[in-house]
Ligand SMILES: Cc1cc2nc3c(=O)[nH]c(=O)nc-3n(C[C@H](O)[C@H](O)[C@H](O)COP(=O)(O)OP(=O)(O)OC[C@H]3O[C@@H](n4cnc5c(N)ncnc54)[C@H](O)[C@@H]3O)c2cc1C
């Protein structure tokens, strides 16, 4: 049982009691967690992790909640939000950035200053840590292409620098995703000197494409499924006539069939039902096993 008084006494950062997870996720779905803590720094994070371990209390790290689906029943444990890890150091063309820093903000800031390399990230609404974990990407690039190294907190509470190779980036996955007890604290990203106007032109062009092709006017968590090798999940789903199909408040987007949107008061249960119906039909029709890119948190 979590003792809020005891948790607050640790004095490790902001504590929100009974946070409603729908307020901390881009899907706007999810019940209450017991508490949410934003540790002030790495030492505070370590104090918190040790405390939770000793008390056998579950925890979940979140960044910007843009890839997560929390249960309607909420989360029985503590949410750890790394929003205080938002440092940014720029040394010539090398950026060292905290895990809690917003990726879109970073992309735009660096691009506007004439640095090239993060253009792909200008429409990805995650945190740097969440993006390293997911190996977030777009337009044939991803974090694996640009991250040189990352500072990671290991399960024995030591801070280790992982090289790009050790981070083991592959399509929408990484060492961190395979080993969620490791926590990304910071990433180092070398960029290229480029032409500010050309970089911004590309970003603006892609922004228009995203607005036209993605349902950004609704809450969602981006693509629901990973693309199966050589195929597009969205195309398979569209071909089955799923665009506009609704279960409760969850609806397959009319703009892009690999997006499910919260069209109004969607529950996690609505999403689960819609996702499993799509998976069943795609398997039956195409013998393809779709895998979720989004993560259910129970
Ligand atoms: C409109 C929209 C468009 C999107 N477009 C794209 C796209 O083009 N490409 C793409 O790849 N994704 C896209 N996404 C999905 C999402 O933005 C990415 O997956 C992003 O990387 C998630 O980052 P986050 O900080 O929100 O992570 P969260 O959703 O908060 O967490 C995701 C996972 O990362 C873990 N995690 C978070 N921070 C850390 C950390 N510091 N250390 C260790 N683990 C951590 C969490 O525990 C969780 O398991 C889109 C989402 C939306 C809503």
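The values are calculated or read from the model by the stated rules, or taken from the named source; none is laboratory data. No experiment lies behind these values; they were computed from the predicted model shown. All Cβ positions, even for glycine, are placed from backbone atoms using ideal geometry, and neighbour counts span all protein chains on display.
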Scan (1) within 23 Å of the chain's Cα centre (by Cα); (2) touching a residue at least 24 places away in the same chain (Cβ under 8 Å); (3) assigned to a loop (DSSP other than H, G, I, E, B) for the single condition residue 242 breaks and write down its number.
-> (1)
Which of the residues belonging to segment 92-101 are in a strand (DSSP E or B) and either over 19 Å from the mean Cα position of the chain (by Cα) or surrounded by fewer than 20 Cβ atoms within 10 Å (Cβ to Cβ) (or both)?
-> 94, 95, 96
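Among 174, 122, 127, which is the only one that is within 9 Å of the ligand (Cβ to nearest atom) and surrounded by 18 or more Cβ atoms within 10 Å (Cβ to Cβ)? Step through it out loud before you land on a result.
On the way: 174 fails: within 9 Å of the ligand (Cβ to nearest atom); 122 fails: within 9 Å of the ligand (Cβ to nearest atom).
Matching residue, one of 174, 122, 127: 127.
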Given (1) out of contact with any helix residue (DSSP H, G or I) (no Cβ under 7 Å at 6 or more places or on another chain); (2) in contact (Cβ under 8 Å) with a residue 12 or more places away in the chain; (3) away from the ligand (no atom under 14 Å from the Cβ); (4) closer than 25 Å to residue 6 by Cβ, residue 96 misses just (4)
Checking 70, 75 in turn, the sole residue that is surrounded by 19 or more Cβ atoms within 10 Å (Cβ to Cβ) and either in contact with a helix residue (DSSP H, G or I) (Cβ under 6 Å, 6 or more places away or on another chain) or in the same structural domain as residue 112 (by TED's automatic domain parsing) (or both) turns out to be 70
Hey, residue 236 touching a helix residue (DSSP H, G or I) at 6+ places or on another chain (Cβ under 6 Å), outside the structural domain of residue 135 (by TED's automatic domain parsing) and either in contact (Cβ under 8 Å) with a residue 60 or more places away in the chain or outside any strand (DSSP E or B) (or both) or not = yes
Does segment 277-298 include one or more residues that are out of contact with any strand residue (DSSP E or B) (no Cβ under 6 Å at 6 or more places or on another chain), modelled with pLDDT under 95 and either not assigned by TED's automatic domain parsing to the domain that holds residue 228 or not in a strand (DSSP E or B) (or both)?
-> yes
Any residue at all in segment 217-236 that is away from the ligand (no atom under 16 Å from the Cβ) and surrounded by 22 or more Cβ atoms within 10 Å (Cβ to Cβ)?
-> yes
Here the residues within segment 191-233 that are over 23 Å from residue 253 (Cα atoms) and touching a helix residue (DSSP H, G or I) at 6+ places or on another chain (Cβ under 8 Å) are 191, 196, 199, 200, 202, 203
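Could you say which residue among 22, 81, 60 is within 21 Å of the chain's Cα centre (by Cα), buried (at least 17 other Cβ atoms within 10 Å of the Cβ) and farther than 22 Å from residue 271 by Cα? Before the answer, list the steps.
On the way: 22 fails: farther than 22 Å from residue 271 by Cα; 60 fails: farther than 22 Å from residue 271 by Cα.
The conditions single out 81.
Determine which member of the set 242, 193 is away from the ligand (no atom under 16 Å from the Cβ) and under 28 Å from residue 141 (Cβ atoms). Explain how you work it out, then say what you get.
Numbers: 242 fails: under 28 Å from residue 141 (Cβ atoms).
Residue meeting the stated conditions: 193.
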